[in-house]
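Bear in mind that the values in this text are calculations on the coordinates, not laboratory data. Bear in mind the structure is a predicted one, so any value in this text is a computation, not a measurement. Heads up, the Cβs are rebuilt from the backbone with ideal geometry, glycines too, and the neighbour counts pull from every protein chain shown.
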Amino acid sequence: MNKKEISEIKKQFTPEHCAITRICGCYVDGEKEKKTEIKEAFLSLPEEEMFKYFEIFRKTLSGTIGKNLINLNFPLAQEAEGGTQEYLMRLRNSKLKDDELLEDFYDKIIEHYFYGENYYIILIHGLYDIPGKSSDGAEMFDASDEVYEFLLCSICPVKLSKAGLCYNSKTNSIEDRIRDWIVQMPDQGFLFPVFNDRSTDLHSVLYYSKDPALEQIDFMEHLFGCDSPMSAQGQQETFNAIVEDTLGEDCDYETVKNIHERLNEWMEERKDEPEPLALDKTEVKCLLAESGASNENLETFDTAFESTAGEKASLLASNLANTRKFQIKTPDVVVQVNPDRADLVETRIIDGRPCLVIAVDDHVEVNGISVHTMKPLPEAE
């Protein structure tokens, strides 16, 4: 799924376009014991609860594609009877009214989801009557010819509210606040099937992780049966290794700065595209060449790329570059620069030592205190 398709489904989690038919949930404690369950028609919930659930469901489809949101394709074997895809199909087709199937689904999550505290599993069934679109992109609600039937699962931590004092209006006094168990925004979740090309795609699932560094590989593999893709952090580490191996002794500050500046330029040029910018072997090689890598350096590129990432690997640009900061780090000093002003930092040899030189104007702060960068010279008598 791309940004536009995800956005279209998120719009169904609003009071105006609600496509949710049924909601089920299971509250699990830190000992992996089921404490309580719910099963009911979503529209029967009080309005205040509906709005809070809408926020959770939209959050489950939020973040960066390839980082927080990962498209996973089912292996063909998983679509046969007894496979993970076939299991999710049965769950979807039951419209969440098969109690035995629901209990089995909760058990699968409890067995393979690693979380040592309380959490709340939320599962919804939805029906979205997909409107047709005219040539100018306008929606035509009377021209629908497909209904997108889906499941969305959100797994939310449940944490005890902080201790504190509060005002009790009934007793007109300040007293100890009652601590409640609060359902947080989701840590993990998934959408099945995916909504590709504005249509149902039964062969894939969209997996969500709030923190890409905490992706649960065991959970993904057992619930979906899909091969786990390279994580966002793994892609960045792979890219860094390719750059270092290719450039060797020529991996200097200026070349690396050029690589990140060029990468950010490519991302800016493609920012309005629905599909994220992905770089294959040819495009990474082009990036290095445009950034100053010599022909001699590039002779080893193919070997470095294939041995580190694999010949057919594709790396998402959003996982390789940070558009918000440009950081230079030594064992004792960290310098963080606006990516648009990386030119303010230079490397120079001063008194025989390699140094980073930062150009500054007269506005400099030290621990919040404005200081002058140069003291005025004393006037000649």
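Data for the structure
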{"read-out": "Mean separation of Cα contacts under 8 Å (6+ apart) over length of the chain, as relative contact order %", "value": "14 percent"}
{"read-out": "Whole-Hz ³J(HN,Hα) from phi, Karplus 6.51 cos²θ - 1.76 cosθ + 1.60, for the range 297-307, glycine and proline x", "value": "4, 6, 5, 9, 4, 4, 5, 5, 5, 5, 6"}
{"read-out": "DSSP-defined beta bridges in the range 1-125 - what % are antiparallel, rounded to 5", "value": "95 percent"}
{"read-out": "Karplus (6.51, -1.76, 1.60) ³J(HN,Hα), θ = phi - 60°, over the range 115-126, in Hz, Gly and Pro reported as x", "value": "7, x, 10, 6, 8, 10, 8, 10, 10, 10, 10, x"}
{"read-out": "Angstrom value of the Kirkwood radius, inverse mean 1/r, which spans all Cα pairs in the range 5-143", "value": "17.3 Å"}
{"read-out": "Other-chain or far-sequence residues with amide H under 5 Å of ARG22's (modelled H)", "value": "PHE42, HIS125"}
{"read-out": "Interchain or long-range residues, amide H under 5 Å from ARG177's placed H", "value": "GLY164, LEU165, CYS166"}
{"read-out": "Within a Gaussian network of the chain (alpha carbon springs, distance under 10 Å), most fluctuating of ASP29, ASP187, ASP176", "value": "ASP176"}
{"read-out": "Selection from CYS166, VAL205, PHE224, by position along the positive dipole direction of the range 158-259 (Cβ)", "value": "CYS166"}
{"read-out": "Tensor-based shape of the range 273-381 (alpha-carbon gyration tensor, a/c under 1.5 rounded, otherwise prolate or oblate)", "value": "prolate"}
{"read-out": "Euclidean distance between Cα centres, the range 11-64 to the range 170-230, Å", "value": "12 Å"}
{"read-out": "Given LYS210/LYS285; LYS4/LYS210; LYS133/LYS271; LYS3/LYS162; LYS10/LYS281; LYS59/LYS281, the pairs whose alpha carbons are separated by over 30 Å", "value": "LYS210/LYS285; LYS3/LYS162; LYS10/LYS281; LYS59/LYS281"}
{"read-out": "Selected from GLN336, GLN85, GLN184 as most flexible by GNM, with the chain as the system and alpha-carbon contacts under 10 Å", "value": "GLN336"}
{"read-out": "Student exercise, the chain dipole from Lys, Arg, Asp, Glu Cβ charges, in Debye to nearest 20", "value": "1300 debye"}
{"read-out": "LEU279 long-range amide H proximity, modeled H, under 5 Å", "value": "LEU315, LEU316, ALA317"}
{"read-out": "³J(HN,Hα) computed for each position of the range 81-95 - Karplus, 6.51 cos²θ - 1.76 cosθ + 1.60, integer Hz, glycine/proline x", "value": "4, x, x, 5, 5, 5, 5, 5, 5, 5, 5, 5, 5, 6, 6"}
{"read-out": "R0 of 30 Å, Cβ-Cβ distance ILE349-GLU261: FRET efficiency to nearest 0.05", "value": "0.80"}
{"read-out": "Two-site label geometry, LYS34 and ASN196: point separation in nm, points 7 Å out along Cα→Cβ", "value": "3.3 nm"}
{"read-out": "Extension gain, LEU43 back to ASP361 (0.36 nm per residue minus Cα-Cα distance, nm)", "value": "108.5 nm"}
{"read-out": "Listed peptides 188-199, 345-356 by packing density, highest first (mean Cβ within 10 Å)", "value": "188-199, 345-356"}
{"read-out": "Lys, Arg +1 and Asp, Glu -1 on Cβ, resulting dipole of the range 266-353 about Cα centre, debye, nearest 20", "value": "440 debye"}
{"read-out": "Using alpha carbons only: equivalent-ellipsoid semi-axes of the range 71-131, gyration tensor based, whole Å", "value": "21, 17, 13"}
{"read-out": "Kirkwood-based shape ratio for the chain, expressed as Rg/Rh from alpha carbons", "value": "1.07"}
{"read-out": "Positive-end residue of PHE105, GLY66, ILE38, charge dipole of the range 19-144 with Cβ unit charges", "value": "GLY66"}
